[in-house]
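**Q** Just dropping this structure here.
The values are calculated or read from the model by the stated rules, or taken from the named source; none is laboratory data. Because the structure is predicted, anything quoted here is derived from the model rather than measured. Virtual Cβ from ideal backbone geometry, glycine too; neighbours counted across all protein chains shown. Just so you know, the surface numbers come from the protein's heavy atoms only, side chains and all, with ligands and any DNA or RNA stripped out. Shrake-Rupley method; radii C 1.70, N 1.55, O 1.52, S 1.80 Å.
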Amino acid sequence: MTKPLSAETIALVKATVPALAEHGPVITKAMYQRLFVREDIRALFNEANQGDGGAQVHALAAAILAYARNIENLDALTPVVERIAHKHVGYHILPEHYPFVAEALLGAIADVLGEVATPEIIKAWGEAYWFLAEILKGREAVIREQIQQIEGGWNGWREFVVADKLRESSVITSFVLRPVDGKSVLRHRPGQYLTFRFGPAGEPVMKRNYSISCAPNGDHYRISVKREAKGKGGSRFLHDHAGIGDVVEVTPPAGEFFLPEAPQRPVVLLSGGVGLTPMVSMIETIAAEHPGLEAHYIHGTLNSTTHAMDDHVRSLARRHGRISVANFYSDPREGDAPGETHDVTGFITTDWLRAHTPLHAADIFLCGPRPFLRNLVSELEGAGVPPDRIHFELFGPTDELLAA
């Protein structure tokens, strides 16, 4: 049982809120610089989210600030704790790694805040860090134990072979993955993601999260990946170098964004771009396991060249009978026409959703780029949709979006 924080510690942590609000990203950047001095610790993270302007730098700063503001009401942070715990399980971050983070964080606070970071402040933040760390470690242990008890579950990194590679659009390719050991795989929850470890020989290992784009089946996984336009990122490696027969390492499915096992209300699925991947997993599951469920899938993309898996989705919808599909093209190419290649030219709006879906009677699931989510989540809340019915997934850190 974790010892409760003292009133003095709570008061000291809350006193740092103004400083954290002003200097948070500088502190977290300094923390990562300290942390990544050790190559073994650096290897635990997705380096694409770190560094100058890195999304994780800002997301962690927002999370630390939220912790300080809510240290007397930690129930408000339960969704954040759940997300972090799942990410830690995905990246295989273990209890023995927490002391390194503590040292780096406290050192960064002292460096950046200078005289403001008195010995009393540093001591209070040390106690606050370990209080939260024990909560996270406990939750992560439960998640790992639950995974291992399920048929096909495993802990840590497991080798998977690329069994098939399918071009879905001009920018999206699917990869079918089967375990090298030939055994079964854990039946994921539709909407969850896998964490991968791979990279060219002789270069630093990359770690990336990709949503599973097929229904749970106990036999294989499928991911559908958009090729990044620039750099040497994970998606470019998969598109350009990963072929049938190649092996990647994967941790078990994780994530708190998923379709309930027994949906109690109609569902509205909204995706932008490659955000369709968890939605396809959900639609396949609805078609196979929920014959009476009313579902609406609305997808936004540039045009017919970037639009992936539409024939597959529409086939599932026809077979099910209660799944409706609508597609929005924001930049149609010549030959694209409403009523033929897509339904609406433009962007998904709450006005359209209100007119064509049971918006206020449904659970809303969203996945897509940051602007897509920022706009729609805000609009849905403004339209009166209860926050507990709005569920979303963003590729990469999400806490910055929540704090905005």
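**Q** Can you pull out every residue in the stretch 354-377 that is more than 17 Å from THR301 (Cβ to Cβ), assigned to a helix (DSSP H, G or I) and either among the aliphatic types (A, V, I, L, M) or at pLDDT below 95 (or both)?
**A** Answer for the stretch 354-377, where residues must be more than 17 Å from THR301 (Cβ to Cβ), assigned to a helix (DSSP H, G or I) and either among the aliphatic types (A, V, I, L, M) or at pLDDT below 95 (or both): ALA355, LEU359, HIS360, ALA361, ARG374, VAL377.
**Q** Looking at PHE175, is it over 16 Å from the mean Cα position of the chain (by Cα), crowded, with 19+ Cβ neighbours inside 10 Å and not in a helix (DSSP H, G or I)?
**A** Numbers: over 16 Å from the mean Cα position of the chain (by Cα): yes; crowded, with 19+ Cβ neighbours inside 10 Å: yes; not in a helix (DSSP H, G or I): yes.
So PHE175 passes the test.
**Q** Could you say which residue among GLY275, GLY191 is in a helix (DSSP H, G or I), within 28 Å of ARG354 (Cα to Cα) and open to solvent by less than 10 Å² (accessible area, probe 1.4 Å)?
**A** Working: GLY191 fails: in a helix (DSSP H, G or I).
Among GLY275, GLY191, only GLY275 is in a helix (DSSP H, G or I), within 28 Å of ARG354 (Cα to Cα) and open to solvent by less than 10 Å² (accessible area, probe 1.4 Å).
**Q** Give the residues of the stretch 289-309 that are crowded, with 16+ Cβ neighbours inside 10 Å and over 23 Å from the mean Cα position of the chain (by Cα), sorted by residue number.
**A** Taking the stretch 289-309 and keeping what is crowded, with 16+ Cβ neighbours inside 10 Å, we get 290, 293-304, 306-309.
Result: HIS290, LEU293, GLU294, ASN303, SER304.
**Q** Can you tell me which condition LYS123 does not meet? The list is (1) of a type in the set (Lys, Arg); (2) under 19 Å from GLY90 (Cβ atoms); (3) modelled with pLDDT of 95 or more, and all the others hold.
**A** Tallying (1) of a type in the set (Lys, Arg); (2) under 19 Å from GLY90 (Cβ atoms); (3) modelled with pLDDT of 95 or more, LYS123 fails exactly one: (2).
**Q** Further question on the same structure: Suppose we filter GLU134, GLU159, GLU151 for residues that are open to solvent by 60 Å² or more (accessible area, probe 1.4 Å), closer than 19 Å to GLY218 by Cα and not in a loop (DSSP other than H, G, I, E, B); which single one remains?
**A** Values: GLU134 fails: closer than 19 Å to GLY218 by Cα; GLU151 fails: not in a loop (DSSP other than H, G, I, E, B).
Going through GLU134, GLU159, GLU151 in turn, just one is open to solvent by 60 Å² or more (accessible area, probe 1.4 Å), closer than 19 Å to GLY218 by Cα and not in a loop (DSSP other than H, G, I, E, B): GLU159.
**Q** In the stretch 316-342, what residues are farther than 14 Å from LEU293 by Cα and in a loop (DSSP other than H, G, I, E, B)?
**A** Across the stretch 316-342, the qualifying residues are SER330, ASP331, PRO332, ARG333, GLU334, GLY335, ASP336, ALA337, GLY339, GLU340, THR341.
**Q** Sticking with this structure for a sec: If we keep just the residues of the stretch 82-96 that are surrounded by fewer than 19 Cβ atoms within 10 Å (Cβ to Cβ) and part of a helix (DSSP H, G or I), which is modelled with the lowest pLDDT?
**A** Looking at residues that are surrounded by fewer than 19 Cβ atoms within 10 Å (Cβ to Cβ) and part of a helix (DSSP H, G or I), I get GLU82.
**Q** What's the number of the condition ARG42 fails, among (1) in contact (Cβ under 8 Å) with a residue 40 or more places away in the chain; (2) surrounded by fewer than 18 Cβ atoms within 10 Å (Cβ to Cβ); (3) among the charged types (D, E, K, R)?
**A** Failed condition: (1).
**Q** If I go through the stretch 1-29 residue by residue, how many of them are of a type in the set (Gly, Ala, Ser), out of contact with any Leu (no Cβ under 9 Å at 6 or more places or on another chain) and in a helix (DSSP H, G or I)? Even if it seems obvious, please write down each step before you answer.
**A** Start the filter on the stretch 1-29 by keeping residues that are of a type in the set (Gly, Ala, Ser), which leaves 6-7, 11, 15, 19, 21, 24.
Still in the list and also out of contact with any Leu (no Cβ under 9 Å at 6 or more places or on another chain): 6-7, 11, 15.
Still in the running and in a helix (DSSP H, G or I): 7, 11, 15.
Residues that pass the stated criteria total 3.
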